[in-house]
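The structure appears below as structure tokens.
The values are calculated or read from the model by the stated rules, or taken from the named source; none is laboratory data. Computed from a predicted structure; not experimentally measured. Reconstructed Cβ throughout: ideal geometry from the backbone, glycine too, with neighbour counts over all protein chains shown. Each accessible area value is taken on the protein alone, full model and side chains, heavy atoms only, with ligands, DNA and RNA left out. Shrake-Rupley method; radii C 1.70, N 1.55, O 1.52, S 1.80 Å.
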Amino acid sequence: TPRAGGTPRAGGTPRAGGTPRAADRTPRSGDKTPRGRWRRAVARVCAQNAVAKAFEPEPLWQQMRPYAILATSGIAFSPITQAILLGSVRATSSPSAGGMPEAAAVMVGSWWSPAFWWKGLGGLMWRLLRDPRSWRQYIRGTAFFALHDVITRGRVQWIEQATEAGAVRPKQPMLRSLAFEAACGIAGACMSMEYMRSILGGQGHPSLRFLALGAAAGFARGAVVSTGGQQPRVQTVCSWTEFMLEVVAERECAALLGFPCPLARYVGVVLYGIGNLMPWGLLIVPVNRLMLRVFGEDPIVEQKEALERVALELETSKRGREELANARQRVTAYFGKVELASLWQKVRATGGCRKFVAATAGPMELVRTLSDSLLAPQDAAQRGLECILMQIASQRSQDLQSLMTDEQGCRLSQDAIIDALEDAATPIIVKRSDMVRSALVQIADKSVEHLLLGVTVKSLDGVESSGLKYLGFRVHFAGEDGFDMGGVRKDFMDCFAHALTHAEEPSPFTLVDPVNILGLGADSTWRPIPCDEEQKSYLWALGRLLALALVYRCPCPIQLSCLVFKCLLGTPLRPGDVRQLDPDFWNHRVKPLLTTGGADRRQAELEEWGMDPLTFISADGERELCEGGADRLVTEQNRGEYAQLLCEDFLIGPVRTEIGCLVMGFHEVVPQELIRPLDAEQLRMLVCGVAEIDVDSWQEHAIVQGDARVARWFFDWLRRRPQETRSKMLAFATGSSVLPSGWKGLKDQQGNPLPFRILAQGDPECLPSAHTCANLLVLPPVKSRIVLEKRLDRVVELAGREMLLL
């Protein structure tokens with residue numbers, strides 16, 4: 001039968017000491033309130049307006065945008081098209097067959113030379129300046145060229161505007177699109193002949209073959225229009241087909257005007273000429289900007305840009321979540337190095353260096369010594385916590401007794417005792433939809449004596465220890481079943497940390513701003529950020545919550561910066577902290593000053609650059625580092641003091657008030673003098689827990705009951721899984737994704753050991769279950785390793801903050 005902690009969870013049953021997940025959550029009561037109805041009404045009206053605006057057609061003059069772009073670009077590109085036409089005819093047409101156009105005299109040299117094309121373009125422009133009569137011919141040719149583009153490519157340009165932005169247009173009827181574009185292709189062929197006649201001269205007329213080429217190019221454009229750009233391969237093939245058909249039709253037109261050219265050579269020369277005059281294509285940039293100013297952005301392009309912004313925000317958020325997922329490992333590895341360095345310094349300072357060196361006599365002794373040394377900070381943190389809790393119980397018990405006595409202070413007041421016990425036994429009721437706000441508000445409302453009653457009552461005579469677990473800091477999730485005997489509190493700490501560090505952007509329809517009081521620093525740890533007065537009150541309540549996490553041995557897995565814990569301990573901030581947390585600022589602003597002659601060199605550089613001298617001003621220039629700092633110069637004599645003040649201001653200057661609010665809330669529950677024996681790393685370990693999970697250590701400290709083979713399979717499965725999966729399994733079994741200063745820190749509220757236990761018994765067909773209040777994992781006694789691993793994978797898939805009950 002299950003222990004008193006509750007009933008097994010997962011596989012269809014709620015978990016012990018925990019709460020049912022998303023499937024059993026009741027709807028928020030706020031949805032039925034006037035504010036909830038008002039919010040839904042506002043959202044509905046805004047959504048309707050957005051839909052109506054999306055379907056509202058553009059004015060007719062703005063719908064002419066693609067045709068205006070083609071006409072303007074036709075005028076801009078007319079010089080190079082005329083140069084390419086004249087150069088191609090001159091390079092491929094036989095003089096004996098039909099002679100040479102008079103205008104082709106400007107094309108001098110060999111066609112394979114780039115100078116041939118650019119000199120021809122320059123000669124064409126010089127001819128316009130020298131002979132005003134040639135303007136009529138040029139304008140006539142330009143007008144026909146632009147009109148040809150407008151008639152043939154107007155609908156295709158409309159499609160390409162969308163596809164270039166990554167969007168598409170609606171599909172059109174195939175037959176109607178082909179017929180319409182074929183007709184436009186024939187009309188465009190006639191425009192093309194008039195354009196070439198104005199440039200080359202001649203008296204030819206359109207032939208059936210020439211018109212058929214124009215209609216074929218129209219068919220290719222019709223295929224693009226009919227698909228709406230939704231088939232990129234079809235669009236690419238049809239666009240190249242249309243281009244080649246246009247070149248072939250141009251060669252056919254030149255032959256009709258009396259300038260026959262070999263087809264293959266003409267096509268090659270045209271392509272070569274386009275490649276040489278490609279830089280002229282940069283004119284499309286000012287043309288597009290001009291059309292944008294006149295007609296505005298295409299609606300579908302605006303919608304695509306809005307979607308890209310949303311996608312970018314989602315990608316940024318995703319990368320931020322990935323950074324947060326890896327932040328624990330990076331910070332743990334960083335502090336691990338600090339632990340080794342600080343441990344070695346402690347060994348030397350206490351005179352134990354000889355013993356440490358003597359232990360290296362044998363390799364096994366060295367390994368054993370190093371292993372014991374790595375565990376020392378966790379053991380020291382636990383011993384320090386025990387002392388802190390004893391002193392808190394002693395101090396707060398006196399305050400509690402004074403509150404429970406009558407006005408004369410002679411005897412205990414029964415009414416005061418009942419009120420205190422009722423308030424201490426009432427859990428805070430939090431909403432998963434508004435986790436941070438609902439929790440911090442209630443923690444701020446409760447008195448410190450009532451929050452700590454579960455700890456201080458141990459020092460009161462006549463109170464049974466069995467009732468201690470029902471007093472003090474307890475949590476209940478609104479609309480969910482579950483009685484907090486330790487497991488729900490640990491689950492709340494995990495949920496609270498996740499909600500505080502993964503706050504979503506506020507919706508434009510929300511009436512309450514989210515609680516945003518922490519931000520990521522350069523070292524990927526969290527620290528307070530500048531905020532208003534209301535948010536500062538939440539920081540004060542957060543300080544209380546962190547102190548409760550320390551007192552109740554229930555770590556809150558927020559990877560806070562070591563600066564926060566140094567401020568909690570009252571430890572002065574040093575330049576070395578900047579070197580660890582922000583190496584760039586250290587290397588560029590602090591380190592050069594600390595070298596011999598560094599202050600004089602910096603002052604000389606500033607004077608040479610015409611800048612103000614270096615004074616006792618903050619790095620952002622907004623605060624004085626000391627009284628009268630704006631008029632106090634930095635010299636070789638005071639550069640150490642300046643570096644100290646500059647680093648301290650750089651680390652906490654902009655958020656000094658915010659950190660003070662958090663520190664004040666923490667010290668209201670746990671006075672500063674009680675935690676001074678700890679260092680910053682030990683305090684961080686007790687408050688935030690240990691995120692790095694070593695499977696070998698887990699197996700070593702686990703108590704196995706039942707089939708040991710199943711337990712071995714479980715730990716083998718864990719070894720092949722990443723840290724994220726290990727954290728999920730730890731949260732599934734204990735309610736917390738982090739360890740309270742190692743496996744020895746698994747204790748109940750009264751400080752009694754509560755080790756991790758595995759019980760291999762029950763129905764072999766069931767999924768694994770857990771009792772979080774007792775740190776008990778129940779595994780089914782299966783006969784196959786593969787079956788167990790599949791069920792464990794299923795549990796991890798369902799476990800976590802989004803666990804669903806089957």
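Table for the structure above
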read-out	value
Equivalent-ellipsoid semi-axes of the stretch 608-686, from the Cα gyration tensor, Å, largest first	34, 14, 11
Gyration tensor over alpha-carbon atoms, the stretch 625-732, equivalent ellipsoid semi-axes in Å	49, 18, 13
Karplus (6.51, -1.76, 1.60) ³J(HN,Hα), θ = phi - 60°, over the stretch 491-496, in Hz, Gly and Pro reported as x	5, 4, 4, 5, 5, 5
Derived scalar couplings ³J(HN,Hα) [the stretch 756-762; Karplus, 6.51 cos²θ - 1.76 cosθ + 1.60; whole Hz; x for Gly, Pro]	6, 10, 10, 10, 9, 6, x
Amide H partners (placed H, <5 Å) of Leu560, local residues excluded	Trp526
Sequence ranges 148-154, 134-140, ranked by mean other-Cβ count within 10 angstrom, highest first	148-154, 134-140
Amide H contacts of Lys747 (H built 1.01 Å from N, under 5 Å, at least 5 apart or other chain)	Leu754
Accessible area of Glu692 in the full protein assembly, 1.4 Å probe (Å², nearest 10)	80
Under-5 Å amide H pairs with Val690, H placed in peptide plane, nonlocal only	Leu739, Ser741, Gly742
Packing-based ranking, highest mean first, of 514-520, 66-72 given that Cβ atoms within 10 Å are counted	66-72, 514-520
By accessible area with a 1.4 Å probe, ligands and nucleic acids excluded, highest first: order of Tyr538, Tyr272	Tyr272, Tyr538
Cβ crowding within 10 Å averaged over residues, with 217-228, 647-658 ranked highest first	217-228, 647-658
Of every Cα-Cα pair in the stretch 673-793, the percent that sits beyond 18 Å	53
